[in-house]
Amino acid sequence: MPPASAPTPHADSALPRLYVPDEVAAVLGCSAWWVKDRARRRLIPFTRVGRAYRFTGEHLAEIIRMHEARPLAPQQHRAAASASKPPTPQPSPPSAPPAARLRARPPRRARQGQFETAA
């Protein structure tokens, strides 16, 4: 069996390099825990080798595209601003029955004085 570092005769069909979560986290500027958690919840693309998460360069580029935020165009910005205004609260109809008021229980120490103990 040839050593692992020896070049294979099929070097032309090179396999994609697989990155570990620590390397992906360093590129993204986040923690390795975040990368593994997102992969476990299947929110980002990954390859699973055994029980380990591995990422290709294409996966990394797709993760970056997924989390990319683009500025709104002026036309979209106006539409989003008008849609984001909270609706005015509607007054409740006068025919609704008044809500029952809650009454606090007396504290336990006050209730214990009710019962005399013969000890």
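This table checks each residue for (1) within 23 Å of ALA14 (Cα to Cα); (2) exposed (fewer than 15 other Cβ atoms within 10 Å of the Cβ); (3) among the acidic types (Asp, Glu).
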| residue | (1), (2), (3) |
| --- | --- |
| ALA26 | no, yes, no |
| ARG40 | no, yes, no |
| LEU43 | no, yes, no |
| ARG54 | yes, no, no |
| ALA61 | yes, yes, no |
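Please specify each residue of region 7-23 satisfying the condition of being part of a helix (DSSP H, G or I) and at pLDDT below 95.
Matches in region 7-23: ALA11, ASP12, SER13.
The values are calculated or read from the model by the stated rules, or taken from the named source; none is laboratory data. Computed from a prediction, not measured in an experiment: that's the story for all the values here. Every residue, glycine among them, receives a Cβ derived from its backbone with ideal geometry; neighbour counts consider all protein chains shown.
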